[in-house]
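Student: Take a look at this one; I'll ask things after.
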Amino acid sequence: MKAKQFGQAGPDVSVIGQGTWYIDRGDRKAAVAALRRGIELGMTHIDTAEMYGDAELVVAEAIAGKRDEVFLVSKVLPSNASRKGTIAACERSLKRLKTDRLDCYLLHWRGSYPLADTVGAFEELVRAGKIRSWGVSNFDADDLDQILAVAGEGRIACNQVLYHLKERAIEHAVIPWCARHGTAVVAYSPFGHHDFPAPASRGGEVLAKIAAAHQATPRQVALSFLCREATVFAIPKASSADHARENAAAGDLVLSTAEIAALDAAFPRGPKPRGLPML
């Protein structure tokens, strides 16, 4: 599994990780097996959140005995993101995950609490050894400017955002901002939300042609395309060990310049939107 530096001073992290949104709503045994298989295949970046119901409990079961192998991320809800609330939320997540630290802790999206309060809590958690780094999710470039003014350079480890073939808005301003400031970009829902390109569509046909040339699958091609930039990681969810295996294989798939150009034409990024898309 290919790895890249996560943030300006962070460790090398697997380019393809594992998302856990809705993972608690299906077969729990299969979910745990999928996460464990993913870890075995090198997808050691595991993302969860307090908002995701019992997902943190599923993750705890999956990483039992493997904690040191995993780059573990969770998120605080904006409604809990006061200084005291952030620390309390982190403690709850640590308890559910059955661990003593997170590798990165994110503000799930921007809320009503001052960013200075949340950043102050994050830095306190770093000093206490409860988290090793912190970042944000669903932040547009202007939001990133504002939290940078509070935190200073080199503190924002990542920005986790919606990014898939049919939704490339972050390429306009967010990815360039993160590249300038040494902030990792983590793509959530990298296959879209129940709208992956149909095989008979123009884009689906392009994906299939490129996949055939690499003896790969269209979803592996999609992940490779999204992670083509040095700062970008992806966290697809897998509902089974077989799906985890498919996702992991994308970590070593390298597309040619011509293939990237073909996908760019088939899935144009479109004009810059007024606001940052999110789920």
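Student: Is there a residue being more than 28 Å from PRO176 (Cβ to Cβ) and open to solvent by less than 50 Å² (accessible area, probe 1.4 Å) anywhere in the range 5-22?
Tutor: Looking for residues that are more than 28 Å from PRO176 (Cβ to Cβ) and open to solvent by less than 50 Å² (accessible area, probe 1.4 Å), one finds at least one in the range 5-22, hence yes.
Student: Sticking with this one: What is the number of the single condition among (1) crowded, with 22+ Cβ neighbours inside 10 Å; (2) within 13 Å of GLU171 (Cβ to Cβ); (3) modelled with pLDDT under 95 that PRO277 does not meet?
Tutor: Checking PRO277 against (1) crowded, with 22+ Cβ neighbours inside 10 Å; (2) within 13 Å of GLU171 (Cβ to Cβ); (3) modelled with pLDDT under 95, the one that fails is (1).
Student: Give the residue that is surrounded by the most Cβ atoms within 10 Å (Cβ to Cβ), with candidates limited to residues of the range 100-118 that are over 23 Å from LEU162 (Cβ atoms) and over 20 Å from the mean Cα position of the chain (by Cα).
Tutor: If we take residues in the range 100-118 being over 23 Å from LEU162 (Cβ atoms) and over 20 Å from the mean Cα position of the chain (by Cα), then ASP117 is surrounded by the most Cβ atoms within 10 Å (Cβ to Cβ).
Student: Which residues, taken from the range 28-60, are open to solvent by 10 Å² or more (accessible area, probe 1.4 Å), farther than 20 Å from ALA248 by Cβ and among the acidic types (Asp, Glu)?
Tutor: GLU50, ASP54
Student: Could you go through the range 174-197 and let me know if any residue there is open to solvent by less than 10 Å² (accessible area, probe 1.4 Å), assigned to a loop (DSSP other than H, G, I, E, B) and either closer than 24 Å to LYS237 by Cβ or at pLDDT 95 or above (or both).
Tutor: yes
Student: Could you list, in sequence order, all residues of the range 232-256 that are of a type in the set (Ser, Thr, Tyr) and within 13 Å of ARG37 (Cβ to Cβ)?
Tutor: SER239, SER240
Student: Within the set of pairs 6+ apart or on separate chains, which have a first residue in the range 220-239 that is over 14 Å from GLN18 (Cα atoms) and hydroxyl-bearing (Ser, Thr, Tyr), a second that is open to solvent by 10 Å² or more (accessible area, probe 1.4 Å) and assigned to a loop (DSSP other than H, G, I, E, B), and C-beta atoms under 6 Å apart?
Tutor: So the pair list comes out as SER224/LEU253; SER224/LEU255.
Student: Oh, and also: Find all pairs meeting these conditions: Cβ atoms under 9 angstrom apart; at least six residues apart or on different chains; first residue within the range 257-276 and over 20 Å from ASP142 (Cβ atoms); second residue open to solvent by 50 Å² or more (accessible area, probe 1.4 Å) and part of a loop (DSSP other than H, G, I, E, B).
Tutor: ILE260/ARG228; PHE267/LYS166
Student: Contact list please: Cβ distance under 6 Å, first residue in the range 105-116 and part of a helix (DSSP H, G or I), second residue open to solvent by 10 Å² or more (accessible area, probe 1.4 Å) and of a type outside the set (S, T, N, Q), pairs at least six apart or on different chains.
Tutor: If the second residue must be open to solvent by 10 Å² or more (accessible area, probe 1.4 Å) and of a type outside the set (S, T, N, Q), the pairs left are LEU115/VAL150; ALA116/VAL150.
Student: Condition first: under 27 Å from GLY10 (Cβ atoms) and surrounded by fewer than 20 Cβ atoms within 10 Å (Cβ to Cβ). Now tell me which residues in the range 220-242 satisfy that.
Tutor: If the condition is that a residue be under 27 Å from GLY10 (Cβ atoms) and surrounded by fewer than 20 Cβ atoms within 10 Å (Cβ to Cβ), then ARG228, GLU229, ALA230 are the ones that fit.
Student: Just to verify a result, which residue in the range 66-99, among those that are over 17 Å from MET43 (Cβ atoms) and part of a loop (DSSP other than H, G, I, E, B), is most open to solvent (accessible area, probe 1.4 Å)?
Tutor: Going through the qualifying residues, I end up with LYS98.
Student: Next question. Going through the range 124-145 one residue at a time, which ones are in a helix (DSSP H, G or I), closer than 14 Å to ALA81 by Cβ and not hydrophobic (A, V, I, L, M, F, W, C)?
Tutor: GLU124, ASP143
Student: With (1) closer than 13 Å to GLN18 by Cα; (2) open to solvent by 50 Å² or more (accessible area, probe 1.4 Å); (3) part of a loop (DSSP other than H, G, I, E, B) as the list, and PRO271 as the residue in question, which single condition is left unmet?
Tutor: Going through the list (1) closer than 13 Å to GLN18 by Cα; (2) open to solvent by 50 Å² or more (accessible area, probe 1.4 Å); (3) part of a loop (DSSP other than H, G, I, E, B), PRO271 breaks only (1).
The values are calculated or read from the model by the stated rules, or taken from the named source; none is laboratory data. The structure presented is a predicted model; accordingly, all values stated were derived computationally and were not measured. In this analysis, Cβ positions are derived from the backbone assuming ideal geometry, glycine residues included, and neighbour counts consider all displayed protein chains. With ligands, DNA and RNA removed, areas are computed over all heavy atoms of the protein, side chains included. Shrake-Rupley method; radii C 1.70, N 1.55, O 1.52, S 1.80 Å.
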